[in-house]
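Asks: Before we start, here is the structure in question, set down as structure tokens.
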Amino acid sequence: MLMDIDRELRYTRDYIGQDAFSERVLAAIAAVPRHYFVPDELQDAAYDNGPLPIGHGQTISQPYIVALMTDLLRLTPDAVVLEVGTGSGYQTAVLAQLARQVYSIEIVGPLANAAAARLHRLGCINVEVRQRDGYLGWPEHAPYDGIIVTAAAPYIPAPLIAQLKAGARLVIPVGDSGGPQQLLLVEKDAAGVVSERAVLPVAFVPLVKS
């Protein structure tokens with residue numbers, strides 16, 4: 001799987017503007033058993049470099065995209081991170097390897113409950129999962145050292161910008177369902193000024209509102 005990630009990185013490097021991912025990020029991905037987050041009937045494809053359905057119209061993201069989005073956050077070991085779209089919990093588990101605390105939001109109740117139980121069994125003690133509307137973020141624990149959104153929104157939700165710490169990054173796919181989408185890197189500088197750049201064309205399931 002890591003070889004496939006490296007192969008796609010070389011293919012997309014002109015888009016993303018880099019030739020390598022952080023060794024910390026690659027080690028985190030290597031440490032998380034992806035098959036643990038994949039439905040039983042898809043176990044044979046667990047380590048393929050592609051997305052897979054997990055039920056409720058949601059997917060577990062392609063490993064390369066998980067690596068890219070995680071790398072773009074530039075997390076430090078003492079970071080507090082917000083994830084919007086827990087899904088199976090795979091991206092959450094990767095973040096838990098890299099950050100001090102991960103707060104994860106999932107709007108689909110059965111997915112949130114299953115992911116929380118799965119992450120607990122895996123020993124991810126620095127993760128908290130809640131069912132709530134991702135467009136609103138999780139203001140109780142803000143500001144965050146990084147925010148990652150794992151479903152496509154038609155716009156960047158203002159509450160997520162507000163909950164981002166100065167000097168931190170937000171990674172989010174933006175675009176219509178079934179239409180063109182771009183993975184955006186949003187940065188808030190020390191003065192609170194926000195900038196964004198398009199990183200890569202992507203295809204995500206839509207970010208659902210309550």
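Every number here is computed from the coordinates shown, using simple stated rules; none is lab data. If you're wondering where the values come from, they're calculated on a predicted model, not measured in any experiment. Cβ placement follows ideal geometry from the backbone for every residue including glycine, while neighbour counts extend to all protein chains displayed.
Asks: Given a 10 angstrom Cα cut-off, can you work out which residue in 127, 66, 194 is the most mobile in a GNM of the chain?
Replies: Maximum fluctuation in the GNM of the chain, among the listed residues, is at 194.
Asks: Something else: Residues with beta-carbon under 9 Å from that of residue 188, excluding residue 188: net charge, scoring Lys, Arg +1 and Asp, Glu -1? Don't jump to the answer; show the numbers that get you there.
Replies: Working: positive: 165, 169; negative: 187, 189.
Its environment carries a net charge of 0.
Asks: Hey, what number do you get for the chain at 222 nm if only DSSP H runs of n ≥ 4 count, each worth -39500 (n - 2.57), divided across all residues, to the nearest 500?
Replies: My calculation for the chain gives -9000 deg cm²/dmol from helical runs alone.
Asks: Next question, about the same structure. Between the stretch 151-180 and the stretch 35-51, how far is it from one alpha carbon centroid to the other, in angstrom?
Replies: The distance from the Cα centre of the stretch 151-180 to that of the stretch 35-51 comes to 27 Å.
Asks: Right, here's the next one. Using 0.36 nm per residue, how much length does the chain from residue 45 to residue 113 gain when fully extended, once their Cα-Cα distance is taken away?
Replies: So the chain would gain 22.1 nm between residue 45 and residue 113.
Asks: Another question about this same structure. Output the antiparallel fraction of DSSP beta bridges having both residues in the stretch 50-153, as a percent to the nearest 5.
Replies: Working: 3 of 17 bridges.
If I count the DSSP bridges inside the stretch 50-153, around 20 percent turn out antiparallel.
Asks: OK, next. Could you give the length gained by full extension between residue 131 and residue 78, i.e. 0.36 nm per residue of separation minus their alpha carbon distance, to one decimal place?
Replies: On the way: separation 53, 0.36 × 53 = 19.08 nm, distance 2.48 nm.
Net length gain for the segment: 16.6 nm.
Asks: Hey, quick one: spin label on residue 36, modelled 7 Å out along Cα-Cβ, who in the stretch 92-121 has an amide N within reach, i.e. under 19 Å?
Replies: 92-105, 111-121
Asks: Which entry is the computed P(r) over Cα pairs in 10 Å bins from 0, in percent for this structure: (1) 8, 30, 26, 18, 11, 5, 1, 0; (2) 8, 35, 35, 18, 4, 0; (3) 9, 38, 41, 12, 0?
Replies: Among (1) 8, 30, 26, 18, 11, 5, 1, 0; (2) 8, 35, 35, 18, 4, 0; (3) 9, 38, 41, 12, 0, the one calculated here is (3).
Asks: If you take every DSSP beta bridge fully contained in the chain, what fraction is antiparallel? Give it as a percent rounded to 5.
Replies: Values: 18 of 38 bridges.
Approximately 45 percent, going by the DSSP bridge assignments.
Asks: Another question, if that's okay. Quick check: pseudo-label points 7 Å beyond the Cα along Cα→Cβ at residue 140 and residue 121, how many nm apart are they?
Replies: 2.6
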